[in-house]
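Heads up, the thing below is written out as structure tokens.
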Amino acid sequence: DGQRGAHDLWPSPRPLACARPHAPTARSSVRYAARVTSVLIVDWPSQDVPRELVAAGFDVFSANLAAGTASRYSIGERSAPENTDGVEVLPPQRDGDPPLVISRVAALPEHVDAVALYRPAAEHAAIAQRAVDLGARMVWVQLGTLADDARRIVAGAYIAVIEEVPINEAIHSLVALA
């Protein structure tokens, strides 16, 4: 009939974060991953995480919050460039993979869509606050669950939390569906 409901006129600006979200499924994780273009990784369990994110076309950064350093990831040419001051080249893990290039940057970008973390629970609150500061829409816990104090920080900023599903696996599923 052409009329819009009240929910169409006043959409929620962000999805609401739950105090204890339901266990994510591969399907819901892929749906969240589809909204991401930039990712801040705070540590990672293997090179597969940044490598697969970069290969899928995401802008990928990392941060060492304790040292105050930041880096940007890219895929190198098949012949690995050399390590230089401010650039580290990780060799391929498998035949056919290009090298992973990690370049030091002066600062993190002003905004990222997601923060993926693989750190002890004692560090989650500081990482959650960084996610808020960067305007992230989601915090992705690579392994385990987000610590309660960090959960309160992100819930107050309406940031979604994804747990127990590695971000690179969700991205891999998203790319496979495309």
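For first residues located in region 120-132 and more than 21 Å from Pro109 (Cβ to Cβ) and in contact (Cβ under 8 Å) with a residue 24 or more places away in the chain, partners that are of a type in the set (Asp, Glu) and open to solvent by less than 70 Å² (accessible area, probe 1.4 Å) and lie 6+ apart or on another chain with Cβ distances below 8 Å form the pairs His124/Asp149; Ala125/Asp149.
Entry remark, region 43-63: residues being under 10 Å from Ala116 (Cβ atoms) and either basic (Lys, Arg) or open to solvent by less than 10 Å² (accessible area, probe 1.4 Å) (or both) number 4 in total. Whether a residue is open to solvent by less than 60 Å² (accessible area, probe 1.4 Å) and at pLDDT below 85 was assessed, and Gly76 passes this test.
The set of residues in region 119-178 being among the charged types (D, E, K, R), open to solvent by less than 50 Å² (accessible area, probe 1.4 Å) and at pLDDT 95 or above consists of Arg151 alone.
Among the candidates Asp97, Asp85, the residue that is over 20 Å from Ala67 (Cβ atoms) and either charged (D, E, K, R) or surrounded by fewer than 17 Cβ atoms within 10 Å (Cβ to Cβ) (or both) is uniquely Asp97.
The values are calculated or read from the model by the stated rules, or taken from the named source; none is laboratory data. The model shown is predicted, which means the values in this text are computed figures rather than measured ones. Positions of Cβ are generated from backbone atoms using ideal geometry, with glycine treated the same way; all protein chains shown enter the neighbour counts. Ligands, DNA and RNA are excluded from the accessible area calculation, which covers all protein heavy atoms including side chains. Shrake-Rupley method; radii C 1.70, N 1.55, O 1.52, S 1.80 Å.
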